[in-house]
Amino acid sequence: MIASVAKAASPVLNVTFVRRTRRNHALEHATVHILADKTKARPLAGRSDAAGFWLFGDLETEQVEAAVSEALRRLRSGEHSLAVHPGCGTARLTTGTLAGLAALSGTIGAKRNLGGVLLRLPTIILLTMSAIFVAEPLGLQLQEHFTTLGDPGEMEVVKVERKEGGGMMGNVTLHRITTANG
């Protein structure tokens, strides 16, 4: 069903800006998969846009360059499953939205006081857990068909730049991966 909705939405999904963002998002995920396999304990996060993506994590630039190159090569060779990642914001947003709607629906008909809501608590928990159960595969499907595009097309990596940042969370290592022709 998700694939057929995505097919109907293909005029929007194939607008240049959207397609480039989806391809960069796929390359970001593939890169994170590869880095996670090679660096194990390091927390990683990313954010994609039409011009490339950011990687957040304490990584050496050489590691990032090698992982991005490997990710692009593997996506080109047909490993499109690398474009989907369970830690993606799409999956988390899907889970949060479905869980919130399920919890809200569990309060339908409850009296508008604490006792009324507490009486519905088992129903709310059951509905929320059901939503979480459904959300995981749904979030992965949404990534596959809407927010990423596993086929990189003619995408090229233009540069990988390391940037150091500071702020409320302390020192942060960032890498900006710039792409073209996506």
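The values are calculated or read from the model by the stated rules, or taken from the named source; none is laboratory data. Here the structure is a predicted model, which means the values were calculated and not measured. All Cβ positions, glycine included, derive from the backbone under ideal geometry; neighbour counts span all protein chains shown.
Within the range 67-77, the presence of at least one residue that is under 21 Å from LEU142 (Cβ atoms) and more than 16 Å from the chain's Cα centre (by Cα) is confirmed. Could you tell me whether any residue of the range 107-130 is under 29 Å from ALA30 (Cβ atoms) and either of a type in the set (S, T, N, Q) or touching a residue at least 12 places away in the same chain (Cβ under 8 Å) (or both)? No, every residue in the range 107-130 fails to be under 29 Å from ALA30 (Cβ atoms) and either of a type in the set (S, T, N, Q) or touching a residue at least 12 places away in the same chain (Cβ under 8 Å) (or both). Whenever a residue of the range 6-31 is in a helix (DSSP H, G or I), its partners that are buried (at least 16 other Cβ atoms within 10 Å of the Cβ) and β-branched (Val, Ile, Thr), lying with C-beta atoms within less than 6 angstrom and at least six residues away or across chains, give the pairs ARG22/THR148; ASN24/THR179; HIS25/THR147; HIS25/THR148; ALA26/THR148; THR31/VAL68.
Kindly indicate whether GLU164 is of a type in the set (D, E, K, R), in contact with a Ser or Thr (Cβ under 7 Å, 6 or more places away or on another chain) and loosely packed, with under 14 Cβ neighbours inside 10 Å. Yes. Counting only residues that are surrounded by fewer than 20 Cβ atoms within 10 Å (Cβ to Cβ) and not in a loop (DSSP other than H, G, I, E, B), the range 41-62 holds 7 of them.
Table: residues versus (1) more than 16 Å from THR173 (Cβ to Cβ); (2) not small (Gly, Ala, Ser).
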residue	(1), (2)
VAL5	yes, yes
ALA8	yes, no
THR16	yes, yes
ARG19	yes, yes
HIS33	yes, yes
GLU60	no, yes
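So that you can scan it fast, the table gives a plain yes or no per residue for (1) at pLDDT below 95; (2) of a type in the set (A, V, I, L, M, F, W, C); (3) surrounded by 17 or more Cβ atoms within 10 Å (Cβ to Cβ); (4) closer than 21 Å to THR179 by Cβ:
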site	(1), (2), (3), (4)
ARG73	no, no, no, yes
LEU82	no, yes, yes, yes
ALA99	no, yes, yes, no
LEU126	no, yes, no, no
